[in-house]
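Participant: Here it is, the structure, as structure tokens.
Derivation of every value follows stated rules applied to the coordinates shown; laboratory data play no part. Bear in mind the structure is a predicted one, so any value in this text is a computation, not a measurement. Cβ sites come from the backbone with ideal geometry, for glycine too, and all protein chains shown count toward neighbours.
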Amino acid sequence: MQIDTVLFAAGRASSSLVTKTGVEIKALIELNDKTLLEHGIDALRGSCRTGKIFLVGPEAVLGHPAAESCDVALPASDGNSIHDSIVIALDSLTGSGQFLAEHTLIITADLPFVSAEAVNAFLDGCSEDSEICVPVVTKRGFEARFPGAPAGFVRLKDGEVTLGCAFLLKSDLLSRRKRELEHVFEATKSQAGIARLLGPGVVFKYLTGRLTLEDIEDQCGKILDCNGQCVRGAPPELAFDVDTEADFDYASTAPR
């Protein structure tokens with residue numbers, strides 16, 4: 001399936017990461033003579049599955065030479081979190097009718113190891129019947145690809161997993177479930193928000209070690225009133241983002 005892509009490049013670096021890199025916007029951090037923004041754009045263009053690329057970021061990002069290769073630029077102020085930037089993009093895109101493809105990939109621009117192969121592998125795992133798909137990376141798969149890398153995982157009945165920094169959704173879901181999506185993005189700003197979003201039954205299952213990926217799929221489907229899918233065994237490259245000094249140091253020395 002041909003897809004359009006929203007590339008989010010508004011995430012700000014932590015103070016310690018700014019001290020380390022001298023860069024305030026994570027997408028503009030350089031690794032291997034390229035910014036993370038360029039790594040992301042190269043992966044999307046190289047996948048041969050993407051249509052238009054909608055770049056969301058502050059002025060510093062939209063003014064970078066690499067931004068010229070994107071099809072549409074959507075401004076986000078320097079003070080916007082990624083969650084707020086998602087809402088900005090939803091407002092712009094649902095109001096403009098610019099999407100042409102049936103599906104839209106939403107991905108962050110802070111993934112140093114992202115590749116066309118990783119993007120394609122995730123998309124290949126997505127069912128065309130699912131309205132929203134999220135990559136789930138296993139601890140075993142992540143550690144095999146990035147031995148010794150800093151990472152955090154959630155323990156489920158299925159095993160220890162983490163989510164990739166991307167998701168695929170049917171484009172009309174942006175308009176049909178815009179308010180619900182905004183509610184989800186707002187809730188993910190805090191652990192308390194996530195707990196309220198998932199509900200006491202899901203939280204209790206997690207605390208007692210009985211929560212499964214299927215439970216999460218069911219609950220997210222209820223929240224958004226849609227058919228959702230956790231894409232098991234997704235590429236680890238989608239789960240390695242640069243958030244800390246340790247992430248940067250590892251990405252600076254690890255083979256690609």
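Participant: Using the Karplus curve 6.51 cos²θ - 1.76 cosθ + 1.60 with θ = phi - 60°, what ³J(HN,Hα) values do you get for each residue of segment 142-155, in whole Hz, with x for Gly and Pro?
Facilitator: 5, 5, 5, 7, 10, x, x, 6, x, 6, x, 9, 9, 8
Participant: Can you tell me the length gained on complete extension of the stretch ARG210 to ALA246, counting 0.36 nm per residue apart and subtracting the Cα distance?
Facilitator: 9.8 nm
Participant: Roughly how many debye, to the nearest 20, is the charge dipole of the chain about its Cα centre, given +1 on each Lys and Arg Cβ, -1 on each Asp and Glu Cβ, and no other charges?
Facilitator: 620 debye
Participant: Collect residues whose amide H, placed 1.01 Å from N in the peptide plane, falls under 5 Å from the amide H of LEU156; neighbours closer than 5 in sequence don't count.
Facilitator: VAL161
Participant: While we're here: Please arrange LEU169, LEU174 by counting, for each residue, the other beta carbons lying within 10 Å of its beta carbon, fewest first.
Facilitator: Lowest count first: LEU174, LEU169.
Participant: Can you compute the charge dipole magnitude of segment 1-81 about its Cα centre, using +1 on each Lys and Arg Cβ and -1 on each Asp and Glu Cβ, nothing else charged? Give it in debye, rounded to the nearest 20.
Facilitator: 240 debye
Participant: Quick check for me: using +1 on Lys/Arg Cβ and -1 on Asp/Glu Cβ, what's the dipole size of segment 127-224 about its Cα centre, in debye to the nearest 20?
Facilitator: 320 debye
Participant: How would THR244, THR104, THR208 line up from fewest to most surrounding beta-carbon atoms within 10 angstrom?
Facilitator: THR208, THR244, THR104
Participant: Okay, helix-only estimate at 222 nm for the chain: each DSSP H run of n ≥ 4 adds -39500 (n - 2.57), divide by all residues, round to 500 deg cm²/dmol; what do you get?
Facilitator: Rounded to the nearest 500, the figure is -11500 deg cm²/dmol.
Participant: If I measure Cβ to Cβ between cysteines in the chain, which ones have no partner under 4.7 Å?
Facilitator: CYS48, CYS70, CYS165, CYS220, CYS226, CYS230
Participant: Using a Förster radius of 25 Å, what is the FRET efficiency between VAL154 and ASP225 based on their Cβ-Cβ separation? Nearest 0.05, please.
Facilitator: About 0.50, to the nearest 0.05.
Participant: Using the Kirkwood radius over Cα pairs, work out the Stokes-Einstein diffusion coefficient for segment 3-253 at 4 °C and 1.567 mPa s, in µm²/s as a whole number.
Facilitator: Answer, rounded: 70 µm²/s.
Participant: Amide H to amide H, which residues 5 or more places from ALA101 or on other chains are under 5 Å from it, using H placed in the peptide plane?
Facilitator: Amide H neighbours of ALA101, under 5 Å, 5+ apart: ASP4.
Participant: Can you tell me the length gained on complete extension of the stretch GLU143 to THR253, counting 0.36 nm per residue apart and subtracting the Cα distance?
Facilitator: Contour length minus Cα-Cα distance gives 38.0 nm.
Participant: Something else about it: For the chain, build the charge dipole from Cβ charges (+1 Lys, Arg; -1 Asp, Glu) around the Cα centre, then report which of ILE29, GLY164, ILE216 sits farthest towards its positive end.
Facilitator: ILE216
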